[in-house]
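The values are calculated or read from the model by the stated rules, or taken from the named source; none is laboratory data. Quick caveat, the model's predicted, so the values are computed rather than measured. Every residue, glycine among them, receives a Cβ derived from its backbone with ideal geometry; neighbour counts consider all protein chains shown. These accessible areas exclude ligands, DNA and RNA; they are computed on the full protein's heavy atoms, side chains included. Shrake-Rupley method; radii C 1.70, N 1.55, O 1.52, S 1.80 Å.
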Amino acid sequence: MITEQTSKYLSNNVQAIQPSGIRRFFDLASSMENVISLGVGEPDFVTPWNVIEASYHSLEQGYTAYTANAGLLELRKEISRYMRRRFGVTYSAEDEMVVTVGASQAIDIALRAVVNPGEEVIVVEPSFVSYAPTVTLAGGVPVPVHTYSKDEFKLQPEQIEAAVTERTKAILLCSPNNPTGTVLSISDLVKIAEVVERHDLLVISDEIYAELTYDEPYTSFPAVRNMRERTILISGFSKAFAMTGWRLGFACGPKDILQAMLKIHQYTMMCAPTMAQHAALEALVNGQKDVVRMKESYRQRRSLVTHALEELGLSCHIPGGAFYVFPSIEKTGLSSEEFAEQLLMKEQVAVVPGSVFGVSGEGHVRCSYATSIQKLEEAMRRIDRFVKTL
Amino acid sequence: MDAKERELLQLIEKSGRLETSTIAKLMGISEEETKQIIEKLENEKVILGYSAIINWTKGTDEGAVTAMIDVKVTPKRGVGFDKVAERIYRFPEVKAVYLMSGVYDLSVSIEGKTMAEVGRFVSEKLSTIDSVISTTTHFILKKYKHDGLVFSENEEDKRIVVSP
């Protein structure tokens, strides 16, 4: 409880943001036993062993000191090779890249580096819970643009047109998207790029799930014509390499912007953890087979879950990437919060209410299928039982 | 072997208990097609059987002693090692036989109730085969990993229940 006394000490920016809606739900779910969790936004695989070994080795070798602010040059060079090989975009390891403490920190310093007080940043909703608050904390104004299930939650270029004002600075994209799993195809990106160029916007493209796409080859936003020089690309190791707890991400982009981001990074974070950087290096050099193995498993589970939801009559588009499905629960007549809460209380299945991802998430819930086949099947049986009681 | 067959095999290699309907959903194909692929692979002896990997040391009083035996043999003219190997693998106590490179020829895995029982098998049945020159028996003291599965307590899911 913030009293008048303490509130005067707090910044307006921090008072303007709400705690994550996920937090409340987490507290509720954590207090219960035998919960099958479809509420997790991370892989159920443990980090591949060779990657863990690399961090042991790093410590054994006595690498317990800081690295360069931008990260180990060796790692940056490997990231550069990886980005070129996997996504066809080229960045200089020397001055167009910074290794961060997770992709989350990369988003934070990207926004702080570019946003002036009062400038607007378009946030495509439903969106990852931290985008809008991070814009606010950077002094900017988040402008939500809602996407809809009828469009498979794909951003329509005319929506950007409608949202742009003279104060608009940037647009935050996330493909594959958390929570909808929607992947923007190359033709979607080209259309968005046209509007972006016309209005001279900057794009912050969160591509943390880029390795986890199932149907079509992935197109990275800076690979679209004329977009490299106006895009800050954000990615990291958490999702593809099952390294969420290692907190290791990176940002790439035009030199001047990246150097500005590096200033914030060096004054606030110094550098990312050294042993995690050595682990990440191993992941890039020898980890692709594990990525393919895990991705194959997610693809199978996506098929299982979308089939099951279809049978339950909870419609959802087939998500092209990430490990989430975002079914509509509108036919139950419950709000997404009510649905999630009652499902948890009655059947001990945790899903995340769509409303926590923004207004346009209402009427949906996020189910993560990064969980074992047996648990997914049991969860679907329980959801079926729950829906039939409504 | 095509991609679907390979995918199906990988699925049931991990869990032979998966129901046909589940396999079909995981692979995004019909149940009928799934049945056909399984039948084909069974007929072609690609799928040889469906077994469970049991940790007999848990929840049972039945002792299970496993030994790996290095066997040196004299190959028979015309049939090489195959006939000797066959004489050995026909014994029901024998769980596996492999032809090896290196200092010995056959690696034989034996399972018995007690060490004495395994010892008797080696001295009375295996060593007495004409072609067998020598045997070296290694008892397995503890299984840490077998067929890709770790023999330890369930690895708990360390993720928090709900996360961004």
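Go through segment A:345-387 and report how many residues are more than 14 Å from A:LEU309 (Cβ to Cβ), out of contact with any strand residue (DSSP E or B) (no Cβ under 8 Å at 6 or more places or on another chain) and part of a helix (DSSP H, G or I). Count: 8.
A quick yes/no check of all residues on (1) in a loop (DSSP other than H, G, I, E, B); (2) within 16 Å of the chain's Cα centre (by Cα):
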{"residue": "B:THR22", "(1), (2)": "no, no"}
{"residue": "B:ALA52", "(1), (2)": "yes, yes"}
{"residue": "B:ALA67", "(1), (2)": "no, yes"}
{"residue": "B:GLY78", "(1), (2)": "yes, no"}
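Comparison of A:PHE128, A:PHE153 shows that the only residue that is part of a loop (DSSP other than H, G, I, E, B), within 25 Å of A:GLU216 (Cβ to Cβ) and open to solvent by less than 30 Å² (accessible area, probe 1.4 Å) is A:PHE153. One residue stands out in segment B:31-50 among those that are touching a helix residue (DSSP H, G or I) at 6+ places or on another chain (Cβ under 6 Å) and either without any contact (Cβ under 8 Å) to a residue 12 or more places away in the chain or outside any helix (DSSP H, G or I) (or both): the one that is nearest to the other protein chains (Cβ to nearest Cβ), namely B:GLU31. Selection of segment A:131-144 for residues being open to solvent by less than 30 Å² (accessible area, probe 1.4 Å) and either under 16 Å from A:ALA322 (Cβ atoms) or without any contact (Cβ under 8 Å) to a residue 24 or more places away in the chain (or both) yields only A:TYR131. Of all residues in segment A:334-389, exactly one satisfies the criterion of being open to solvent by 50 Å² or more (accessible area, probe 1.4 Å) and touching a Gly at 6+ places or on another chain (Cβ under 7 Å), namely A:GLU362.
The numbered conditions (1) out of contact with any Phe, Trp or Tyr (no Cβ under 7 Å at 6 or more places or on another chain); (2) at pLDDT 95 or above; (3) of a type outside the set (Asp, Glu); (4) closer than 13 Å to A:ARG86 by Cα are all true for A:PRO217 except (2).
Out of all the residues in segment A:7-23, which are part of a loop (DSSP other than H, G, I, E, B) and not β-branched (Val, Ile, Thr)? Spell out the reasoning first.
Let us first name the residues in segment A:7-23 that are part of a loop (DSSP other than H, G, I, E, B), namely A:8-11, A:17-20.
Once the filter is applied, which keeps residues that are part of a loop (DSSP other than H, G, I, E, B) and not β-branched (Val, Ile, Thr), segment A:7-23 yields A:LYS8, A:TYR9, A:LEU10, A:SER11, A:GLN18, A:PRO19, A:SER20.
When restricted to residues that are open to solvent by 50 Å² or more (accessible area, probe 1.4 Å) and either in a loop (DSSP other than H, G, I, E, B) or modelled with pLDDT of 95 or more (or both), segment B:105-119 contains 2. Taken over segment A:294-314, the criterion of being open to solvent by 10 Å² or more (accessible area, probe 1.4 Å), more than 9 Å from chain B (Cβ to nearest Cβ) and touching a Leu at 6+ places or on another chain (Cβ under 8 Å) is satisfied by A:LYS295 alone.
In this structure, A:THR231 does satisfy being of a type in the set (Ser, Thr, Tyr), without any contact (Cβ under 8 Å) to a residue 40 or more places away in the chain and away from every other protein chain (no Cβ under 14 Å).
Yes/no per residue for (1) over 30 Å from B:GLU13 (Cα atoms); (2) open to solvent by less than 80 Å² (accessible area, probe 1.4 Å):
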{"site": "B:GLU124", "(1), (2)": "yes, no"}
{"site": "B:ILE133", "(1), (2)": "yes, no"}
{"site": "B:PHE139", "(1), (2)": "no, yes"}
{"site": "B:HIS146", "(1), (2)": "no, yes"}
{"site": "B:GLU156", "(1), (2)": "no, no"}
{"site": "B:ARG159", "(1), (2)": "no, yes"}
{"site": "B:PRO164", "(1), (2)": "yes, yes"}
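Hey, does segment A:309-330 have a residue that's within 24 Å of the chain's Cα centre (by Cα), assigned to a helix (DSSP H, G or I), among the β-branched types (Val, Ile, Thr) and modelled with pLDDT of 95 or more? No; the residues of segment A:309-330 include none that is within 24 Å of the chain's Cα centre (by Cα), assigned to a helix (DSSP H, G or I), among the β-branched types (Val, Ile, Thr) and modelled with pLDDT of 95 or more.
Determine which member of the set A:LEU59, A:LEU28 is within 14 Å of chain B (Cβ to nearest Cβ), hydrophobic (A, V, I, L, M, F, W, C) and either touching a strand residue (DSSP E or B) at 6+ places or on another chain (Cβ under 6 Å) or outside any loop (DSSP other than H, G, I, E, B) (or both).
Working: A:LEU59 fails: within 14 Å of chain B (Cβ to nearest Cβ).
Only one candidate qualifies: A:LEU28.
Of all the residues in segment B:2-20, those that are part of a helix (DSSP H, G or I) and not aliphatic (A, V, I, L, M) number 8. One residue stands out in segment A:158-193 among those that are open to solvent by 20 Å² or more (accessible area, probe 1.4 Å) and in contact with a Pro (Cβ under 7 Å, 6 or more places away or on another chain): the one that is farthest from A:SER127 (Cα to Cα), namely A:LYS191. Of all residues in segment A:36-56, those satisfying the criterion of being open to solvent by less than 40 Å² (accessible area, probe 1.4 Å), assigned to a loop (DSSP other than H, G, I, E, B) and not polar (S, T, N, Q) are A:LEU38, A:VAL40, A:GLY41, A:GLU42, A:PRO43, A:PRO48.
Scanning segment A:337-362 for residues that are over 17 Å from the mean Cα position of the chain (by Cα), under 24 Å from A:SER303 (Cα atoms), away from chain B (no Cβ under 12 Å) and in contact (Cβ under 8 Å) with a residue 40 or more places away in the chain yields one hit, A:LEU343. If you go through segment A:164-183 and keep only what is under 27 Å from A:GLU330 (Cα atoms) and more than 14 Å from chain B (Cβ to nearest Cβ), you end up with A:LEU173, A:SER175, A:PRO176, A:THR180, A:GLY181, A:THR182, A:VAL183. Among residues belonging to segment B:130-164 that are assigned to a loop (DSSP other than H, G, I, E, B), of a type in the set (A, V, I, L, M, F, W, C) and within 12 Å of chain A (Cβ to nearest Cβ), point out the one that is nearest to A:SER30 (Cα to Cα). Among those that are assigned to a loop (DSSP other than H, G, I, E, B), of a type in the set (A, V, I, L, M, F, W, C) and within 12 Å of chain A (Cβ to nearest Cβ), it is B:VAL161. Scanning segment B:22-41 for residues that are small (Gly, Ala, Ser) and open to solvent by 30 Å² or more (accessible area, probe 1.4 Å) yields B:GLY28, B:SER30. Hey, can you tell me all the residues within segment A:191-205 that are among the hydrophobic types (A, V, I, L, M, F, W, C), in a strand (DSSP E or B) and more than 19 Å from A:GLU166 (Cβ to Cβ)? Within segment A:191-205, just A:ILE204 meets the criteria. Does B:MET27 count as touching a residue at least 12 places away in the same chain (Cβ under 8 Å) and more than 13 Å from chain A (Cβ to nearest Cβ)? No; evaluated as a whole, the condition is false for this residue.
Could you run through segment A:264-283 and say how many residues are part of a helix (DSSP H, G or I) and under 20 Å from A:GLN61 (Cα atoms)?
Initially, segment A:264-283 is screened for residues part of a helix (DSSP H, G or I), giving A:264-268, A:274-283.
Among the residues that remain, those that are also under 20 Å from A:GLN61 (Cα atoms) are: A:274-283.
Within segment A:264-283, residues that are part of a helix (DSSP H, G or I) and under 20 Å from A:GLN61 (Cα atoms) number 10.
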